[in-house]
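Written out below as structure tokens is the structure these notes cover.
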Amino acid sequence: MSGEVLTGNYPSGTEVHNFKMQDVITLTARLAQLLAEEVDMLGDMKIKKIEALQQEKIFLTNALEAQRKLIERHPYMLGSIPSRDKADLESVAAVFQDILEENHRKLLMAKEINHKVVQAITDVVKENTQSRTYNGSGYAGAAAFNTLSVTLNKTI
């Protein structure tokens, strides 16, 4: 994936960057593999371990984005890609898309589980920190969550 300039059978004065479809295929396949690992970790609720994958995911995403921009700036390069490489990329892209969808589904599920856990903890804390109110004959109920309980000692 170097930025080396090559010459070829292109319009006069055209520069062709050393674009290799195999590099894009390899990057896409590795990113799919990382996402599959993340899906497994999400399924096992090993959220902390996912952080270890982030740096490589960012690197791969940036590298693929650079290749996309290169093609965008020099669209004529697409004409030099062998049909076998195109077929390989389509195959890898299909696998990547399936894994990406599964990853998205698992992330949403993990987010929902996390929300429910936080809500359950919040409810327990509310139950255990509510102030009790008392009347002249004893317990009369619970006050609002954020009230302060005060005890007075009357002496005559």
request  = Using label points projected 7 Å from each Cα along Cα→Cβ, tell me how many nm separate residue 102 and residue 26, to one decimal.
outcome  = 2.5 nm
key: Residue-wise HN-Hα coupling along segment 42-52, computed from phi with Karplus coefficients 6.51, -1.76, 1.60 (Hz; x: Gly, Pro)   = 5, x, 8, 6, 9, 4, 4, 6, 5, 4, 5
note = Under the Karplus relation with 6.51, -1.76 and 1.60 and θ = phi - 60°, whole-Hz ³J(HN,Hα) for segment 65-72, x at Gly and Pro, equal 5, 4, 5, 4, 5, 4, 5, 4
request  = Would you calculate the separation in nanometres between label points at residue 56 and residue 109, each defined as 7 Å from the Cα along the Cα-to-beta-carbon direction?
outcome  = 2.3 nm
note = Taking a crude spin-label model, label points 7 Å out from Cα along the C-beta direction, the residue 123 to residue 80 distance in nm is 6.3 nm
Residue-by-residue Karplus 3J(HN,Hα) for segment 99-110, coefficients 6.51, -1.76, 1.60, Hz, glycine and proline x = 5, 4, 5, 5, 4, 4, 4, 5, 4, 5, 5, 4
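We did not get these values from a lab; they are worked out from the coordinates using the rules stated. None of these values were measured; they are calculated from a predicted model. With ideal geometry, Cβ positions are generated from the backbone for all residues, glycine too; neighbour counts draw on all protein chains shown.
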